[in-house]
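The block underneath contains the structure these notes are about, expressed in structure tokens.
The values are calculated or read from the model by the stated rules, or taken from the named source; none is laboratory data. Quick caveat, the model's predicted, so the values are computed rather than measured. Cβ coordinates were reconstructed from backbone atoms using ideal geometry, including for glycine residues, and neighbour counts include every protein chain displayed. Side chains are part of the model used for accessible areas, which takes the heavy atoms of the whole protein and leaves out ligands, DNA and RNA. Shrake-Rupley method; radii C 1.70, N 1.55, O 1.52, S 1.80 Å.
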Amino acid sequence: MRFTFFRRSAIKPYHERLRALSLFQDLTTSELDIISTLLHEREYLQHEVLFDEGEEGHAIYIVVSGNVVICRHGSPRNLIADLGPGNFFGELALLTNAPRATQARAGSNCKILVFFRDDFNNLMHTHVTIASKVGINLARHVGARLRESVVGRRVEQSL
């Protein structure tokens with residue numbers, strides 16, 4: 001008699017999407033397993049506000065499906081970005097509790113993964129290697145955004 005054992009799938013539901021993000025690109029499958037336990041899945045209805053301008057930032061958001069509109073003063077006329085699946089935003093909230101500079105609103109019904117600053121801070125104490133990889137990638141991402149704003153156009157990362 002032959003026994004067949006089931007193995008855990010090497011790819012979790014969001015692993016491929018997470019690995020495609022610059023924030024998590026250097027993580028191993030087991031490290032992504034740990035990150036996955038810290039992500040909170042949320043669904044938003046079209047026009048629902050994820051966060052408002054001036055609110056304290058508590059989390060970074062990853063778009064899984066649908067789209068999110070980033071604007072100033074709560075007005076679509078002050079559109080900054082329209083982000084779809086595979087994009088993330090609000091990343092400075094992992095580093096600081098400074099007020100949000102913009103509003104994020106669901107442009108359509110959407111599914112979002114939320115990574116809270118408190119979970120990131122706990123990760124720094126429990127899984128230093130993972131937190132350092134995420135932190136370095138976050139610094140690279142923020143640096144690229146800063147260069148883009150100074151130059152006024154997209155600048156490819158050279159790091």
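Among residues that are surrounded by 13 or more Cβ atoms within 10 Å (Cβ to Cβ), within 22 Å of residue 47 (Cα to Cα), in contact with a Ser or Thr (Cβ under 9 Å, 6 or more places away or on another chain) and without any contact (Cβ under 8 Å) to a residue 12 or more places away in the chain, residue 109 is not included.
Restricting attention to region 61-105 and to residues that are β-branched (Val, Ile, Thr) and part of a strand (DSSP E or B), the residue that is nearest to the chain's Cα centre (by Cα) turns out to be 62.
Only one entry in 122, 87 is at pLDDT 90 or above and open to solvent by less than 80 Å² (accessible area, probe 1.4 Å), namely 87. In region 63-76 there is no residue that is at pLDDT below 95, farther than 17 Å from residue 48 by Cβ and hydrophobic (A, V, I, L, M, F, W, C). Within the group 104, 81, 59, which residue is buried (at least 19 other Cβ atoms within 10 Å of the Cβ), under 22 Å from residue 149 (Cα atoms) and of a type in the set (Gly, Ala, Ser)? Answer to the check: 104.
Only one residue in 144, 139 is among the small types (Gly, Ala, Ser) and open to solvent by 50 Å² or more (accessible area, probe 1.4 Å), so which one is that? It is 139.
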